[in-house]
């Protein structure tokens with residue numbers, strides 16, 4: 001039983017007078033605990049696939065089923081509740097809130113989930129410690145390197161123990177050495193916690209950390225193969 | 001999101017742009033101060049009017065005058081006579097604390113070398129304290145006092161020395177009320193038969209200058225004055241007796257003059273529980289046919305004028321606060337443009353529409369509340385300056401103890417200003433907050 005399933009998903013955008021088809025009949029099933037990478041060039045529709053899969057965008061046609069619930073039929077507030085409890089997000093540009101410290105950024109999803117302050121702090125510090133950032137937890141994002149910021153973002157994505165994590169080009173702004181470090185720790189973390197990870201990248205090396213690699217071209221899945229590392 | 005977290009976040013967000021927040025708060029400070037100071041002037045006006053009126057007679061007192069009958073007046077228009085039954089009837093009205101009937105006589109008086117004219121009023125001595133008779137020197141009357149009187153604080157001004165230069169007499173000079181205390185005053189009464197009787201009265205108390213209503217009269221227990229009045233009425237015939245107190249030196253009144261019956265009191269003092277009762281009872285007495293009047297009757301007019309003035313003044317303040325509210329909205333819209341990305345992030349990590357909306361509403365309300373609190377502080381300061389300098393100029397002749405405050409900030413105004421400024425902040429935040437929740441998280445993330 002897959003945790004996430006996309007059934008014949010079509011997504012069309014209107015750009016000026018033209019209609020662009022970003023996803024053209026995508027079928028994809030992700031098993032619980034699986035690490036899947038979606039590999040494609042820019043414009044192949046891989047980021048749209050991720051957004052539609054996470055319920056951030058509505059598909060034009062087709063269904064997105066997450067744990068037996070059809071996401072695209074839910075109301076916005078229901079999707080918010082899903083994201084708050086069961087999904088984590090990692091972005092290329094880290095997307096940390098500049099006015100908050102690392103620890104506060106990590107604790108942010110817990111604030112919206114009404115977790116009490118002490119519990120929040122405890123969990124945030126634990127996750128930051130796991131990501132090797134215990135002594136940087138009082139720093140603001142601007143006082144940290146790109147790699148450190150992305151580690152904070154990963155910590156934020158896993159602090160509420162989501163079922164699934166969506167990652168969009170998470171190494172796009174990092175050098176190759178940092179990329180390796182980050183990918184290794186992300187890989188071990190999700191495996192240890194049994195979390196599902198759906199990652200979008202254009203980097204073949206990065207895609208190799210996944211269990212399964214899916215190739216996308218022009219809004220269609222063209223092939224797939226097993227990851228190497 | 002818990003309210004504590006909300007406040008912490010909102011507060012921190014505000015101080016990320018200190019300069020802008022301070023300027024916006026400044027707008028609210030000016031708006032709040034404008035409203036509070038303007039309203040305080042209106043309130044100060046009403047209060048000082050009330051105080052001023054109270055000096056001329058307590059606001060919870062009603063005076064019922066004797067009935068005057070005009071020959072040929074239709075029966076239904078006739079005023080009710082102030083008889084004992086009438087006094088009992090007034091006593092029974094709800095809200096009436098005490099009623100004292102009164103007789104009034106007047107006559108030439110001598111104090112040592114000085115001569116003058118005295119108005120003597122006889123009242124129920126037991127009710128004196130309720131009727132706001134405050135004795136400043138000496139003692140108050142009791143029912144058994146004979147030939148003992150208390151005098152109003154300005155009675156002394158009625159006396160003058162006939163041997164003094166004629167020019168000096170014209171000068172209005174305040175005498176020392178204490179000059180009368182424990183002195184004997186000889187009062188000469190005359191009746192219609194031109195008979196004279198001289199009473200020697202002992203002044204045992206001087207009234208304070210708090211109530212000017214009683215300042216120019218001399219008071220004695222009613223049965224004393226009734227005796228004097230009965231004497232002055234002797235020799236009056238016919239159906240049209242002369243009002244007591246006016247007889248001395250007067251020739252027989254013409255027949256067609258309005259007159260009064262001799263079987264009624266000169267007037268009656270009614271003490272009510274409070275001002276609102278006074279207004280109502282005064283009207284009630286008139287409805288029942290009594291010739292009643294009260295200081296409180298005028299109060300409504302003054303309050304109406306003051307209310308209109310307050311509306312105009314408050315309106316000017318409200319416009320200022322409206323401008324401040326637009327300032328808040330502007331600040332919040334700017335803030336949302338700057339924080340588009342941040343709002344999107346919060347949405348992605350699980351903030352609901354309600355979370356986003358309350359966060360922005362909290363920020364705008366905080367601006368309003370801060371402005372309101374500082375505005376109230378500034379208002380108190382301005383109010384103090386107004387009272388100290390402008391008020392002192394306007395009421396420079398008054399002693400500082402009785403000085404009126406031209407600007408008065410009662411506690412309810414403070415509360416009102418706080419709630420109002422916070423409410424303005426809240427309303428000003430509605431539009432930006434709704435913009436914030438409409439932001440699409442995906443679009444927001446893309447603009448990087």
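No value in this document is a laboratory result; all are computed from the given coordinates. Just so you know, these numbers come straight off a predicted model, no measurement behind them. We place every Cβ from the backbone using ideal geometry, glycine too, and count neighbours over all the protein chains shown.
With N set to the number of residues, divide the alpha-carbon radius of gyration of the stretch A:67-110 by 2.2 N^0.38 Å and report two decimals.
Numbers: Rg = 13.2 Å, N = 44, 2.2 N^0.38 = 9.3 Å.
Here the Cα radius of gyration is 1.43 times the empirical estimate.
Defining a contact as two alpha carbons under 8 Å apart and six or more residues distant in sequence, what relative contact order in percent does the stretch B:316-430 show? Don't jump to the answer; show the numbers that get you there.
Values: 76 pairs, mean separation 52.0, N = 115.
Relative contact order for the stretch B:316-430 comes out at 45 percent.
To the nearest 0.05, what FRET efficiency results for residue A:113 and residue B:11 with a Förster distance of 22 Å applied to their C-beta separation?
0.55
Show me, bin by bin at 5 Å from 0, the whole-percent P(r) of the stretch A:1-123 based on Cα pairs.
The percentages, shortest bin first, are 2, 9, 16, 18, 18, 15, 11, 6, 3, 1, 0.
Report, in deg cm²/dmol and to the nearest 500, the calculated mean residue ellipticity at 222 nm for chain B, where each DSSP H run with n ≥ 4 adds -39500 (n - 2.57) and the sum is divided by the residue count.
-16000 deg cm²/dmol
What angle, in degrees between 0 and 90 and rounded to the nearest 10, separates the Cα long axis of helix B:3-14 from the longest principal axis of the Cα atoms of chain B?
For helix B:3-14, the angle is close to 80 degrees.
Please tell me the relative contact order of chain B in percent, rounded to the nearest whole number, where contacts are Cα pairs under 8 Å and at least six residues apart. Don't skip to the end; give the middle numbers.
Working: 816 pairs, mean separation 128.7, N = 448.
Relative contact order here is 29 percent.
Among B:380, B:117, B:277, rank each residue by its count of other Cβ atoms within 10 Å, from fewest to most, as a rough exposure measure. Write out the running numbers ahead of the final one.
On the way: B:380 17, B:117 13, B:277 20.
Listed from fewest to most nearby Cβ atoms, that is B:117, B:380, B:277.
Could you give the length gained on full extension between residue B:2 and residue B:316, defined as 0.36 nm per residue of separation minus the Cα-Cα distance, in nm? Numbers along the way, then the final one.
On the way: separation 314, 0.36 × 314 = 113.04 nm, distance 3.86 nm.
Gain on stretching residue B:2 to residue B:316: 109.2 nm.
Would chain B count as rounded, prolate or oblate if I go by the C-alpha gyration tensor, calling it rounded below 1.5 in a/c and otherwise prolate when a/b exceeds b/c, oblate otherwise?
Values: a/c = 4.12, a/b = 2.85, b/c = 1.45.
Cα axes put chain B in the prolate bin.
Using Cα pairs under 8 angstrom and six or more residues apart, how large is the relative contact order of the stretch A:72-229, in percent?
On the way: 217 pairs, mean separation 38.3, N = 158.
Contact order relative to length: 24 percent.
Can you bin the stretch B:317-437 into rounded, prolate or oblate? Criterion: square roots of the alpha carbon gyration tensor eigenvalues sorted a ≥ b ≥ c, rounded for a/c under 1.5, prolate for a/b above b/c, oblate for the rest.
Details: a/c = 4.59, a/b = 3.61, b/c = 1.27.
Prolate.
At 37 °C and 0.692 mPa s, grab the translational diffusion coefficient of the stretch A:144-207 from Stokes-Einstein with a Kirkwood Rh over Cα pairs, rounded to a whole number in µm² per second. Show your work: numbers first, answer last.
Details: Rh = 12.0 Å.
Diffusion coefficient, whole number: 274 µm²/s.
What's the exposure ranking of B:115, B:272, B:24, A:142, going from fewest to most Cβ atoms within 10 Å?
Working: B:115 16, B:272 25, B:24 28, A:142 8.
With the fewest neighbours first, B:115, B:272, B:24, A:142 line up as A:142, B:115, B:272, B:24.
Shape verdict for the stretch A:89-229, please, from the Cα gyration tensor: rounded (a/c under 1.5), prolate (a/b greater than b/c) or oblate.
Verdict is prolate for the stretch A:89-229.
What's the Cα-based Rg to Rh of the protein assembly as shown, Rh via Kirkwood? All intermediate terms of the calculation are to be shown ahead of the outcome.
On the way: Rg = 44.9 Å, Rh = 33.2 Å.
Rounded to two decimals, Rg over Rh is 1.35.
Fewest Cβ neighbours within 10 Å first, please rank B:153, A:184 accordingly.
Details: B:153 25, A:184 12.
Arranged by neighbour count, lowest to highest, B:153, A:184 become A:184, B:153.
Taking every pair of Cα atoms in the stretch B:1-152, average 1/r, invert it to obtain the Kirkwood radius, and report Rg/Rh to two decimals. Don't skip to the end; give the middle numbers.
Working: Rg = 30.2 Å, Rh = 22.7 Å.
In the stretch B:1-152, Rg relative to Rh is 1.33.
Helix A:76-86 sits at what angle to the longest principal axis of chain A, using alpha carbons and giving 0 to 90 degrees rounded to 10?
60 degrees
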